[in-house]
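Here is the structure we will look at.
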Amino acid sequence: MTQILIPLKQHVGAPCKGIVKAGDQVQRGQLIAEPNGLGANIHASFSGKVVDVDGDNIVLTIDDEQDFSKYLPIPETETNAKAVEAAGIVGAGGAGFPTFLKLACDIPEGTFIANGAECEALLTHNVKQMSEHIDQLIRGMKYCMEMTNAPKGVIAVKGKHRVLVTRLLKAVDTEPTIDVYQLPDIYPAGDERMIVREVMDIVLEPGQLPTEVGAVIDNVETIKRIAEAIEDRKPFIDKDVTVSGRVKKKETVFVDVPIGTPVKTLINNVGGYVEPHGEIVIGGPMTGRSGDEMTPITKTSGGVLVAMPFPQESRKVGLLICECGGSAERMTEIANNMGAEVVAAERCKRMVEVNGRYRCALPGICPGQAATVMSLKKQGAEVVMTGSCSD
């Protein structure tokens with residue numbers, strides 16, 4: 001009998017509260033946890049028996065036979081927005097903000113933007129989704145435009161995907177309210193503030209939300225899940241995932257992976273590891289987190305990346321911290337895994353404090369860091385580690 005974990009926190013906000021108990025039999029699609037404050041519904045993605053419900057996970061012993069083509073539908077709702085809420089949809093691009101709250105914004109003179117930037121390296125599942133399901137993307141955008149009262153929609157995609165861009169332009173040729181914008185191939189092209197700057201030519205101040213200038217932005221897969229909830233009454237129980245790195249079949253996209261699936265299952269399905277290999281990164285290479293073979297896929301897991309073994313480093317390390325890359329905690333973890341000592345840390349000079357959080361003033365436009373590097377050197381750093389910097 002196989003056990004899987006369904007995390008109670010797959011979103012911004014507090015962990016959900018389980019509404020099932022040990023011994024309960026659950027079906028795929030059944031509501032098993034509800035928000036405890038800010039959050040989103042969680043549904044069973046496998047049929048099986050509840051083993052335990054703790055503060056972090058619902059543990060299921062899954063049935064030997066699973067029919068992933070079937071699920072319990074969400075209830076009928078009075079509005080499409082209520083369907084999105086009932087389905088437990090959150091930002092699938094990694095942020096995990098409850099989507100029904102974002103779509104509650106009223107932008108009668110604004111723009112709804114489909115974020116197809118595929119921001120982080122190695123990830124390809126959003127490009128695959130756009131390439132294979134353009135009609136669904138457009139339908140989903142129309143639902144979102146209707147819910148937000150947006151008169152205009154834009155698909156933001158990197159211009160380097162020439163064939164896809166051509167197909168998208170052809171598809172929207174008969175859609176007078178939807179256009180395609182070609183983003184530059186830079187990091188972090190998928191950052192919401194950078195998308196607003198590119199698409200709308202508006203520079204948001206650090207801490208300023210896109211809705212303040214009439215923009216609502218959702219990731220391409222999020223829009224897919226919105227369309228499924230409205231058209232098929234399907235809860236958010238499956239996730240598209242890219243598997244790449246030190247595996248035998250690189251850049252493999254798995255579509256509709258049941259949430260809770262251990263990442264080891266996906267690694268096995270691409271032929272296993274290429275040796276030698278190092279840590280497993282959940283997410284993208286820039287902002288992902290360290291996981292292990294039993295880490296479950298969640299609503300925000302975009303990638304499973306197998307890294308090279310950590311090189312060993314004996315020199316003293318200084319951290320150059322920016323909002324767009326790995327956090328200080330993540331970079332410290334990497335430095336420690338390399339055997340290095342972190343002796344200093346400085347923030348990028350673009351960073352400004354807003355409500356207790358440091359934000360980048362101009363995402364994607366990196367300044368020179370000579371003064372910051374000299375400061376790290378004076379504090380004893382012999383080498384510098386940075387999460388993301390084009391300088």
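The values are calculated or read from the model by the stated rules, or taken from the named source; none is laboratory data. This structure is a prediction, so every number in the text was calculated from the model and none was measured. Glycine gets a Cβ as well: all are built from the backbone with ideal geometry, and neighbour counts include every protein chain shown. SASA here: full protein model, heavy atoms, side chains in, ligands and nucleic acids out. Shrake-Rupley method; radii C 1.70, N 1.55, O 1.52, S 1.80 Å.
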- Overall Cα dimensions of the chain, principal axis frame, Å, largest first: 63, 53, 41
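So what is the relative contact order of the chain, in percent, for Cα pairs below 8 Å that sit 6 or more residues apart?
Reported relative contact order: 15 percent.
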- Message: Accessible area per residue for the range 1-81 in Å², computed with a 1.4 Å probe and the full protein assembly in place, what is it?
- Response: 53 Å²
- Query: Accessible area per residue of the range 161-207 at 1.4 Å probe, in Å²?
  - Reply: 55 Å²
- Message: Working only with C-alpha atoms, what are the Rg and Dmax values of the range 1-158, expressed in angstrom?
- Response: 17.5, 55
- Item | Calculated [θ] (222 nm, deg cm²/dmol) that DSSP helices of n ≥ 4 give over the chain, each run adding -39,500 (n - 2.57) | -6500 deg cm²/dmol
- On the protein heavy atoms, probe 1.4 angstrom, tell me the percent of accessible surface of the chain carried by carbon and sulfur. 50 percent
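Once R0 is set to 22 Å, what does the formula 1/(1 + (r/R0)^6) return for the Cβ-Cβ distance between Asp67 and Met294, expressed as a FRET efficiency to the nearest 0.05?
0.35
Taking a ≥ b ≥ c as the square roots of the eigenvalues of the Cα gyration tensor of the range 159-241, is the shape rounded (a/c under 1.5), prolate (a/b larger than b/c) or oblate?
Oblate, since a/c reaches 1.5 and b/c is not below a/b.
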- Query: Do you know the relative contact order of the range 1-91, to the nearest whole percent, from alpha carbon pairs under 8 angstrom that are 6+ apart?
  - Reply: 31 percent
- Principal axes first, then extents: for the Cα atoms of the range 329-391, list largest minus smallest coordinate on each axis, whole Å, largest first. 33, 23, 21
- Query: Separation of the range 176-252 and the range 87-125 by C-alpha centroid, Å?
  - Reply: 5 Å
- Query: Relative contact order of the range 144-266: what whole-number percent is it, with Cα pairs under 8 angstrom and at least 6 residues apart?
  - Reply: 14 percent
- Note on the structure: The long-range amide H neighbours of Gln10, using H built 1.01 Å from N in the peptide plane and a cut-off of under 5 Å, are Cys16
- Message: At R0 = 56 Å, how high is the FRET efficiency between Arg162 and Lys21 if r is their beta carbon distance? Nearest 0.05 is fine.
- Response: 0.55
- Using the Karplus curve 6.51 cos²θ - 1.76 cosθ + 1.60 with θ = phi - 60°, work out ³J(HN,Hα) for each residue of the range 274-285 in order, rounded to whole Hz, and write x for Gly and Pro. 9, 8, x, 10, x, 6, 9, 9, 9, x, x, x
- Task: May I ask you to work out the translational diffusion coefficient for the range 256-331 at 37 °C, viscosity 0.692 mPa s, via Stokes-Einstein with Rh from the Kirkwood sum over Cα pairs, reported in whole µm²/s?
- Result: 237 µm²/s
- Step through the residues of the range 133-141 one at a time and calculate ³J(HN,Hα) from phi using the Karplus curve (6.51 cos²θ - 1.76 cosθ + 1.60, θ = phi - 60°), rounding each to whole Hz and writing x for Gly and Pro. 9, 4, 4, 5, 4, 5, 4, x, 4
- Query: In whole Hz, what ³J(HN,Hα) sequence does the range 58-67 give by Karplus (6.51, -1.76, 1.60; θ = phi - 60°), x for Gly and Pro?
  - Reply: 9, 9, 10, 8, 7, 5, 4, 10, 10, 10
- Message: Quick query: amide H of Gly29 versus all other amide H atoms, modeled in the peptide plane; which residues come in under 5 Å with a sequence gap of 5 or more or a different chain?
- Response: Ala44, Ser45, Phe46, Leu72
- Task: For Lys152 and Gln379, compute 0.36 nm times the residue count separating them, minus their Cα-Cα distance, and round to one decimal in nm.
- Result: 76.6 nm
- Note on the structure: When the charge dipole of the range 257-313 is computed with +1 on Lys and Arg Cβ and -1 on Asp and Glu Cβ about the Cα centre, the Cα farthest towards its positive end, among Thr298, Val281, Leu266, belongs to Thr298
- Query: Can you give the three extents of the C-alpha atoms in the range 262-391 along their principal axes, from longest to shortest, in whole Å?
  - Reply: 47, 35, 24
- Note on the structure: In Å, the C-alpha Rg and Dmax of the range 106-217 are 13.3, 37
- Task: Enumerate the amide H contacts of Val257 below 5 Å, restricted to partners 5 or more residues apart or on another chain; note that Pro and chain-start residues carry no placed amide H.
- Result: Lys239, Asp240, Val241
- Just the number, please: percent antiparallel of the DSSP beta bridges in the chain, rounded to the nearest 5. 55 percent
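Exceeding 21 Å between C-alpha atoms, which entries from my cross-link table qualify? They are Lys142/Lys234; Lys170/Lys249; Lys158/Lys249; Lys316/Lys378.
With Cα atoms farther than 21 Å apart: Lys170/Lys249; Lys158/Lys249.
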- Extension reserve of the Val12-Asp232 stretch, reckoned as 0.36 nm per residue once the Cα distance is removed: 76.6 nm
